[in-house]
Amino acid sequence: MVTPFSRRVGDTMDSFIMSLVDVAARPGMISFATGLPDNSLFDTEGLARAVSEILAEDPYGPLQYDSASGYIPLRKRIARRCRDKFGFDVSYEDVFMTNGSQECFDQLGKMFLDRGDRMVVENPGYLGAIQSFSAYGPEFIGVDMTPEGVDTRQLAAALAERPKLFYSIPNHQNPSGTSYSEDVRKRVTDAVRGSGCLLIEDDAYGELGYGGRVGRTMKSMLPDETVMCGSFSKTISPGMRVGWMIVPEWMREAAGKSIESSFLQSNTFCQKVIDRFMEDNDYDRYLDGLRRGYMEKKRIFMDALQDNLPSTMRWNDPDGGMFIWLRTPDGTDSTELFELLIERGLVVMPGKPFHTRGGANTLRLNFATPSEEQIADGTAILGRACRELFPE
Ligand SMILES: Cc1ncc(COP(=O)(O)O)c(C=O)c1O
């Protein structure tokens, strides 16, 4: 007899994302599926310089253990950015460094969710986070996304069911690319205030708005009831695994204990490299370059879609982030298209797994990862398959 797994193992959803990473790695496959940044936009020289500088100045420190909450100068830098750019004041002691922002979701699940507790998620919502929360066995309440952001009427009804957490992505949402309007941000924070539900504001793509940030942070509007999660994955490097969460002061002690018991601390070396990289560079100028790079990539991708796809398909024009949200005709299911595309050498992400209900006719396309040549070839494959399955 083998040892039975915990209920948590059974509760954890499949994510689909990692299985597509494997499919995408097959020789000759073109991938529009995963959320990888554009390799050509990594500042490899700048990061190499930061590595040699920190090791020359202190060969041992970057290789040592550090505080459970993270490298203090980097936490102070993030707190300064909150004050200067995100509209709220926070002590660096409320900034906790994590292994990418994915780790925040696990920590928040661990701190707040008991099996059967309710939690609100966007529909569609970010699958990776929902998978992470699922390990703690919550009952998910899906609230639909509208072109203006989350449906605030549905949110009010969901809050009446006394959920513990609401996980939201107000800027350039993964997967739909939608951002919350100012009005929706206000209505969300008004609804959550005093409800006993903690708002989780995932800012993964907040710095990747092509015209700058698209709206006020909800953390600035509801500081004591919001945890804001951030990451350098989409701006500097996902492989370095440096993210953070900014918690209200009342959570400080619990967050420190939770992190220490899970992983002692996150990567000292990479935190120091990132801190030095930000010290050496004008970060806002650097971000401007990145935004221009992604905007140009999106333009190339949008032109290719326009040239190749039949009029039966619909898609959005995102103003930030890395994804285009594609719809097959109403009432159809995109699974057949997904399978046909794999046979023909293109992998895309079906939209259904991001949904708590509906979404059968949606697909997510990442325009950041493929080269221009792959965009041309991949959209041609996509166009031919769409014409076959959904003729004009
Ligand atoms: C919306 C969103 N949040 C969080 C993450 C997790 O990123 P990381 O753990 O690399 O910071 C991702 C990754 O794609 C994402 O799209």
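The values are calculated or read from the model by the stated rules, or taken from the named source; none is laboratory data. No experiment lies behind these values; they were computed from the predicted model shown. Backbone-built Cβ (ideal geometry, glycine too); neighbour counts: all protein chains shown.
Go through Phe166, Phe140, Phe86, Phe105 for me and flag whichever is in contact with a Ser or Thr (Cβ under 6 Å, 6 or more places away or on another chain) and more than 24 Å from Thr235 (Cα to Cα).
Details: Phe166 fails: in contact with a Ser or Thr (Cβ under 6 Å, 6 or more places away or on another chain); Phe86 fails: more than 24 Å from Thr235 (Cα to Cα); Phe105 fails: more than 24 Å from Thr235 (Cα to Cα).
Exactly one residue qualifies, and that residue is Phe140.
Any residue in the stretch 142-159 that is in contact (Cβ under 8 Å) with a residue 12 or more places away in the chain sitting within a Cβ distance under 6 Å of a residue that is small (Gly, Ala, Ser) and in a helix (DSSP H, G or I)? List the pairs, counting only those 6 or more apart or interchain.
Val143/Ala158; Leu155/Ala191; Ala156/Ala191; Leu159/Ala191
Identify all residues within the stretch 98-139 that are within 11 Å of the ligand (Cβ to nearest atom), charged (D, E, K, R) and part of a strand (DSSP E or B); write none if there are none.
Correct list: Glu122 only.
Among (1) closer than 22 Å to Gly61 by Cα; (2) surrounded by 22 or more Cβ atoms within 10 Å (Cβ to Cβ), where does Tyr205 come up short?
Against the list (1) closer than 22 Å to Gly61 by Cα; (2) surrounded by 22 or more Cβ atoms within 10 Å (Cβ to Cβ), Tyr205 comes up short only on (1).
Restricting the search to the stretch 155-185, which residues are crowded, with 17+ Cβ neighbours inside 10 Å and assigned to a helix (DSSP H, G or I)?
If the condition is that a residue be crowded, with 17+ Cβ neighbours inside 10 Å and assigned to a helix (DSSP H, G or I), then Leu155, Ala158, Leu159, Val184, Arg185 are the ones that fit.
Look through Glu343, Glu372, Glu336 and report the one residue that is in the same structural domain as Pro37 (by TED's automatic domain parsing) and without any contact (Cβ under 8 Å) to a residue 12 or more places away in the chain. Spell out the reasoning first.
On the way: Glu372 fails: without any contact (Cβ under 8 Å) to a residue 12 or more places away in the chain; Glu336 fails: without any contact (Cβ under 8 Å) to a residue 12 or more places away in the chain.
Answer to the selection: Glu343.
When you go through Asp14, Asp89 one by one, which is the residue that is in the same structural domain as Gln265 (by TED's automatic domain parsing), out of contact with any strand residue (DSSP E or B) (no Cβ under 9 Å at 6 or more places or on another chain), part of a loop (DSSP other than H, G, I, E, B) and not small (Gly, Ala, Ser)? Steps first, please.
On the way: Asp14 fails: in the same structural domain as Gln265 (by TED's automatic domain parsing).
The match here is Asp89.
Go through Ser69, Ser40 for me and flag whichever is surrounded by fewer than 11 Cβ atoms within 10 Å (Cβ to Cβ) and away from the ligand (no atom under 16 Å from the Cβ).
Values: Ser69 fails: surrounded by fewer than 11 Cβ atoms within 10 Å (Cβ to Cβ).
Result: Ser40 is the single residue among Ser69, Ser40 that is surrounded by fewer than 11 Cβ atoms within 10 Å (Cβ to Cβ) and away from the ligand (no atom under 16 Å from the Cβ).
Inspect all residues belonging to the stretch 347-358 and state whether any of them is part of a loop (DSSP other than H, G, I, E, B), at pLDDT below 95, of a type in the set (Ser, Thr, Tyr) and assigned by TED's automatic domain parsing to the domain that holds Ser19.
Within the stretch 347-358 (the criterion being part of a loop (DSSP other than H, G, I, E, B), at pLDDT below 95, of a type in the set (Ser, Thr, Tyr) and assigned by TED's automatic domain parsing to the domain that holds Ser19), the answer is yes, since at least one residue qualifies.
So, in the stretch 3-17, of the ones that are surrounded by 14 or more Cβ atoms within 10 Å (Cβ to Cβ) and hydroxyl-bearing (Ser, Thr, Tyr), which residue ends up modelled with the highest pLDDT?
Per the stated criteria, the residue is Thr12.
Tell me whether the stretch 336-345 contains one or more residues that are in a loop (DSSP other than H, G, I, E, B), crowded, with 16+ Cβ neighbours inside 10 Å and of a type outside the set (Phe, Trp, Tyr). Outline the logic, then answer.
Restricting attention to the stretch 336-345, the residues satisfying the condition of being in a loop (DSSP other than H, G, I, E, B) are 344-345.
Next cut, crowded, with 16+ Cβ neighbours inside 10 Å only: none.
No, the stretch 336-345 contains no residue that is in a loop (DSSP other than H, G, I, E, B), crowded, with 16+ Cβ neighbours inside 10 Å and of a type outside the set (Phe, Trp, Tyr).
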